[in-house]
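J.: Please read through the structure below; I'll follow up with questions.
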Amino acid sequence: MLTDTIIEDDRWQALGFEALAEAAAQAVLAHLGIASGDWEIAVLACDDARIAELNADFRDKAAATNVLSWPSEERGAAQDGDAPAPLEPGFDPELGDIAIAFETCAREAEEAGKPMADHVTHLVVHGVLHLLGFDHIRDKDATLMEGLETAILGKMGIADPYRV
């Protein structure tokens, strides 16, 4: 398995989170042509209180958020809009960690009128792309990342999350 999932909040069980996270992570790597057997991702399925603690500890923002990611190393592209350097076998197999919060995800899905599973799949795809060095701070980087998310989710049968 590509993902090692820790479920701290039992509400994630009803969503089938472990299989959902694995499918989303596998879809990202497949889309990018990366052999998934070479890599590992840790995923924490928690609640808003836990993610608020993590957000405060690592980002100095004492508030809940939907998803956080911690790449095992810096992989970002130097130029705005360029893809990060490809992964190569022989590197540390640990790509990084992702944490996702139940209440925030449920609220966002409800507000957007989306199925929770679709929204959570999008957020796991988003988190995995961050682990691979993609980002959305600079404009061209955001365009690249959103395009990848839309394409990956489309292959999974999930509507474009950015379409209004």
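J.: Pick from 101, 109, 142: which is closer than 20 Å to residue 65 by Cβ, touching a helix residue (DSSP H, G or I) at 6+ places or on another chain (Cβ under 6 Å) and either of a type in the set (Asp, Glu) or without any contact (Cβ under 8 Å) to a residue 12 or more places away in the chain (or both)?
T.: 109
J.: Another one. Could you check residue 65 against (1) assigned to a loop (DSSP other than H, G, I, E, B); (2) modelled with pLDDT under 95 and say which number it fails?
T.: Of (1) assigned to a loop (DSSP other than H, G, I, E, B); (2) modelled with pLDDT under 95, only one is false for residue 65: (2).
J.: Tell me, please, whether a residue that is in contact with a Cys (Cβ under 8 Å, 6 or more places away or on another chain), assigned to a strand (DSSP E or B), surrounded by 17 or more Cβ atoms within 10 Å (Cβ to Cβ) and at pLDDT 95 or above can be found in the range 42-55.
T.: Within the range 42-55 (the criterion being in contact with a Cys (Cβ under 8 Å, 6 or more places away or on another chain), assigned to a strand (DSSP E or B), surrounded by 17 or more Cβ atoms within 10 Å (Cβ to Cβ) and at pLDDT 95 or above), the answer is no, since none of the residues qualifies.
J.: Another one. Of everything in the range 112-139, what is farther than 23 Å from residue 71 by Cβ and either of a type in the set (D, E, K, R) or not in a helix (DSSP H, G or I) (or both)? Give them in sequence order.
T.: 113, 114, 115, 118, listed by residue number.
J.: For the range 13-31, indicate whether the set of residues that are in a strand (DSSP E or B) and modelled with pLDDT of 95 or more is non-empty.
T.: no
J.: Name the residues in the range 31-50 that are touching a residue at least 60 places away in the same chain (Cβ under 8 Å) and either touching a Phe, Trp or Tyr at 6+ places or on another chain (Cβ under 7 Å) or of a type outside the set (Val, Ile, Thr) (or both), would you?
T.: The answer is 31, 32.
The values are calculated or read from the model by the stated rules, or taken from the named source; none is laboratory data. Everything numeric in this text was worked out from a predicted model, so none of it was measured. Positions of Cβ are backbone-derived with ideal geometry, glycine not excepted, and every protein chain shown enters the neighbour counts.
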